[in-house]
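Throughout, read-outs are computed from the coordinates displayed, never taken from laboratory work. The structure presented is a predicted model; accordingly, all values stated were derived computationally and were not measured. Because the Cβ atoms are built from the backbone with ideal geometry, glycine has one as well, and the counts that use them run over all protein chains shown.
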Amino acid sequence: MRLFEILEKKELALNTSIFNFGSMRDKQILNIVLGRIVSEQDMEDAYMKGYNTYRVEGQVYPALIQDNVSITEGTLVHNLTPKDLDRIQYYEAGLFGTEVLPVYTKRDDEPKYAQVYVKNSTKVKVLDEEWDFEEYQKNIKPYVKEIKEWMEEYND
């Protein structure tokens, strides 16, 4: 792939696609954050190579940490609007920023480029303990209420 093709794909990713590996991987949480129902056509199972999710002290959500050996499962969400991206930024509360990184889908070995939220604050203390999405989903109910309240404060 030529450099301009990679840059073009990265530019497109900045505007439309996000890889969710943590709390927004749960469709209920994603819908609350976006304030709308995301269509199944705009979501696909995906993974990242060389990253793993770790627990964050005192929180139910994870942080994504590069380790060069792990595979992190997640969801690639396409066709996000500027308002969607703004709502996600509000939800992340400045603790996580985006990088455009290669993401792979189950049906294609060719990398796609998407925005991925990575730790960018010293306020986030990452523990040396892997985060488990299935365990998170078992205990999500109190967090759903908290997210609804948080997102109700978002101003368009």
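Tabulated values for the structure
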{"item": "Span from the the range 137-156 Cα centroid across to the the range 89-112 one, whole angstrom", "result": "22 Å"}
{"item": "Principal axes of the range 3-142: Cα extent on each, largest first, Å", "result": "42, 35, 29"}
{"item": "Exposure rule at most 15 other beta-carbon atoms within 10 Å, DSSP loop GluC sites (Glu not before Pro): the chain longest free segment", "result": "58-152"}
{"item": "Cα gyration tensor shape of the range 82-129, rounded if a/c is under 1.5, else prolate or oblate by comparing a/b with b/c", "result": "oblate"}
{"item": "Global form of the range 101-156, assessed from the alpha-carbon gyration tensor, a/c cut-off 1.5", "result": "prolate"}
{"item": "Those trypsin sites (Lys or Arg not before Pro) in the range 19-83 that DSSP places in a loop and that have at most 15 other beta carbons within 10 Å", "result": "R36"}
{"item": "The range 3-142 - charge dipole about Cα centre, Lys and Arg +1 at Cβ, Asp and Glu -1, debye rounded to 20", "result": "460 debye"}
{"item": "Efficiency of FRET between N139 and K27 - r from beta-carbon atoms, R0 22 angstrom, step 0.05", "result": "0.85"}
{"item": "Karplus 3J(HN,Hα) series, Hz, for the range 66-75 with 6.51 cos²θ - 1.76 cosθ + 1.60 (x for Gly, Pro)", "result": "6, 9, 6, 10, 7, 10, 10, 7, x, 10"}
{"item": "Extension gain (nm, one decimal) between K125 and K148, 0.36 nm per residue minus Cα-Cα", "result": "5.9 nm"}
